[in-house]
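K.L.:
Following this message is one structure expressed as structure tokens.
The values are calculated or read from the model by the stated rules, or taken from the named source; none is laboratory data. The structure displayed is predicted, hence computed values, not measured ones. Neighbour counts run over all protein chains shown; Cβ positions are idealised from the backbone, glycine included. Surface accessibility is based on the protein's heavy atoms, side chains included, excluding ligands, DNA and RNA. Shrake-Rupley method; radii C 1.70, N 1.55, O 1.52, S 1.80 Å.
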Amino acid sequence: SKRTNKKKANVRRKKANHGRKPNMGRNSDDAVVWFRRDLRLADNPAWSAASQAADQILALFVLDPAVLATAGPLRRDLLLAHLGALDARLRERGAALLVRTGDPIQVVAQVARAVGAATVHVNGDVSE
């Protein structure tokens, strides 16, 4: 039927885009991917896991004021350039990078609650 075909088309579109949509938060399969040091999409374990498990994904990066305070201008400029490149790659997929400033643990929890995400995916940090 026409209604069934429309529903199938919506499912295919959701699976293909994997980005933040206006109705995010209404589905228990929504996820946040918290980007930290690993600012790539290709072979990114957190992005891959979220893409397989979630209908909609919100890409998030949190600027930590404590880290920014100790970073020199070149390091800050490089970080901003890499964030811009990640955002461009996400936009090619119909998504965007949400950047917030604050304590990362608090910000990630607040954003996940605000969008109703069931999970937060993050890569381990081998430098810690």
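K.L.:
Would you point out which residue out of D30, D103 is charged (D, E, K, R) and open to solvent by less than 50 Å² (accessible area, probe 1.4 Å)? Before the answer, list the steps.
P.N.:
On the way: D103 fails: open to solvent by less than 50 Å² (accessible area, probe 1.4 Å).
One residue alone meets the criteria, D30.
K.L.:
Do we find that A114 is aliphatic (A, V, I, L, M), open to solvent by less than 70 Å² (accessible area, probe 1.4 Å) and part of a helix (DSSP H, G or I) in this structure?
P.N.:
Values: aliphatic (A, V, I, L, M): yes; open to solvent by less than 70 Å² (accessible area, probe 1.4 Å): no; part of a helix (DSSP H, G or I): yes.
Criteria not met by A114.
K.L.:
List, please: which pairs have Cβ atoms under 6 Å, are six or more places apart or on different chains, and start with a residue in the stretch 31-44 that is within 16 Å of Q110 (Cα to Cα) and end with one that is in a loop (DSSP other than H, G, I, E, B)?
P.N.:
Listed pairs, sorted by first residue: A31/A54; A31/A117; V32/A117.
K.L.:
Please state which one of L97, L63 is in contact with a Ser or Thr (Cβ under 7 Å, 6 or more places away or on another chain), over 13 Å from V122 (Cβ atoms) and aliphatic (A, V, I, L, M).
P.N.:
L63
K.L.:
If you go through the stretch 70-84, how many residues are out of contact with any Leu (no Cβ under 7 Å at 6 or more places or on another chain) and open to solvent by less than 70 Å² (accessible area, probe 1.4 Å)?
P.N.:
5
Quick grid of which residues meet (1) touching a Phe, Trp or Tyr at 6+ places or on another chain (Cβ under 6 Å); (2) assigned to a loop (DSSP other than H, G, I, E, B); (3) modelled with pLDDT under 95; (4) surrounded by 13 or more Cβ atoms within 10 Å (Cβ to Cβ):
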| site | (1), (2), (3), (4) |
| --- | --- |
| W34 | no, no, no, yes |
| R37 | no, yes, yes, no |
| D43 | no, yes, yes, no |
| S51 | no, no, yes, yes |
| D55 | no, yes, yes, yes |
| L68 | no, no, yes, no |
| L86 | no, no, no, yes |
